[in-house]
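Down below is the structure, laid out as structure tokens.
Please treat every number below as a calculation from the coordinates, not as lab data. Worth saying up front: this structure is predicted, and the values here are computed from it rather than measured. Positions of Cβ are backbone-derived with ideal geometry, glycine not excepted, and every protein chain shown enters the neighbour counts.
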Amino acid sequence: MQGIEARFKLDWPTFNLNVDLHLPARSVIALFGDSGSGKTTLLRCIAGLEKAPEGRLIVNGEIWQDERHWLPTHKRGLGYVFQEASLFTHLTVMGNLLYGKRRIPDDQKVSLDQAIELLGISHLLDRKPDRLSGGERSRVSIARALAANPSILLMDEPLAALDLKRKQEIIPYLERLHEALKIPVIYVSHSADEVARLADYLVVMEKGHALASGSLADTLTRLDLPIHLGQDAGVVLNATVVELDQSWHLARIAFDGGSLWTHDQAFSIGKRVRVQVLARDVSLATEIPSQSSIQNVLQGFVDAIADDNHPSLALVRVKVGNVMLLSRLTKRAVSSLGVATGQSVWLQIKSVALME
């Protein structure tokens, strides 16, 4: 059976962990939540660095832990990237990469050459860690974890120790891993931007419990338990550039429900992008709008309506093709328009944020 079954229970004097998760076999799985929510503790349980007496962990059909089995950390097929890039200072970059490669079998999931290429570190191989920038050390640390031939790559806030400039430098390499790897990546973060740019699957942690879990799109559009990446509700769409309007410096991006115009950032046709559409930037109309400055207009059907975080507001979930979008309206607007479940509506999208 492919995928990860992770069930752990820990009872400490000041903290309890109690999770029961079924995670996909190939995705970037973000563990998201505030500090102290249990993200790193869960990651350490998966790695075998924290022993949960009541635990069960099965990875692609292989039992790593249950009531009768306990696989020690060094026998678990995992790569672990810590917050601080802990490299061997007496070895070169290549020496660090080869150190983790010595004991692995021939069925390499990610070759050493591929790891070097993906992380863009070929020009660093002869350097020692003291001659690397913070971003370069992080990239080498990730490559070393991949060189160990992991079945899972665990990443514990790998960008936390970097300043904003270094974070922006390394995120494109993480996006490359997202597309290239055929193994699950479990990524701990409390950064909404990192999750929006990298994750396929979201586990929201709070006080040692998994408050919500599921695909990024499904989890962000839950109305029973609104999850906000940042300060507002919204959705993240995977899209492809399908048209360029050079006279107005715009690009049309298509997703599984329609297309949207956004700023052209020297895109090429066929480029895959991610965009965030916030509920506050989506208005609804019951008839097709005309003579409007808003250029992005889509037709959909109201799927659900729920109270928002203020008694005057409502969140309306609208199905557009095979995706869901959210719109924040006043309840007076919902009433005056007669918005109801199943109704055909037109969405006017005022702003689209590229995840770049």
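The distance separating the Cα centre of segment 260-290 from that of segment 306-351 comes to 17 Å.
Spin-label model, LEU98/ALA192: points 7 Å from Cα along the beta carbon direction are separated by 4.7 nm. Under the convention that each Lys and Arg Cβ holds +1 and each Asp and Glu Cβ holds -1, the size of the dipole of segment 103-254 around its Cα centre is about 460 debye.
What relative contact order, as a whole-number percentage, does segment 234-354 give when Cα pairs under 8 Å and 6 or more residues apart are counted? 29 percent. Pairs spanning more than 20 Å between alpha-carbon atoms, out of LYS182/LYS319; LYS9/LYS51; LYS9/LYS39; LYS39/LYS207; LYS9/LYS75; LYS39/LYS319: LYS182/LYS319; LYS9/LYS75; LYS39/LYS319. How far is the Cα center of segment 120-163 from the Cα center of segment 43-84, in Å? Distance between centres, Cα-based: 22 Å.
Screening the chain for whole DSSP H helices of 27 Å or more along their axis (Cα) with average Kyte-Doolittle hydropathy at least 0.0 returns none. Ordering LEU78, ALA6, GLY270 by the projection of their Cα atoms onto the charge dipole of the chain, which places +1 on the Cβ of Lys and Arg and -1 on the Cβ of Asp and Glu, puts LEU78 at the extreme positive end. Starting from the Cα gyration tensor of segment 85-198, take the square roots of the eigenvalues, sort them a ≥ b ≥ c, and report rounded, prolate or oblate (rounded when a/c is under 1.5, otherwise prolate if a/b is larger than b/c, else oblate). It is oblate, given that a/c is not under 1.5 and a/b is not larger than b/c.
Which of rounded, prolate or oblate describes segment 159-293 when judged by the alpha-carbon gyration tensor and an a/c cut-off of 1.5?
Oblate shape, in that a/c is at least 1.5 and b/c is the bigger or equal ratio.
Per-residue ellipticity at 222 nm, computed for the chain from helices alone with -39500 (n - 2.57) per DSSP H run of at least four residues, works out to -6000 deg cm²/dmol.
Rounded, prolate or oblate: which one fits segment 234-354, using the alpha carbon gyration tensor with axes a ≥ b ≥ c (rounded when a/c is under 1.5, else prolate when a/b beats b/c, else oblate)?
Prolate, because a/c is 1.5 or more and a/b exceeds b/c.
Computing Cα extents along the principal axes in Å directly from the structure and comparing it against (i) 75, 40, 31; (ii) 68, 47, 43; (iii) 68, 52, 35 singles out (iii).
Select from SER35, SER292, SER268 the residue whose mean-square fluctuation is largest in a Gaussian network model of the chain (Cα-Cα springs shorter than 10 Å). It is SER292. This model, with +1 at the C-beta of Lys and Arg and -1 at the C-beta of Asp and Glu, gives the chain a dipole about its Cα centre of some 560 debye.
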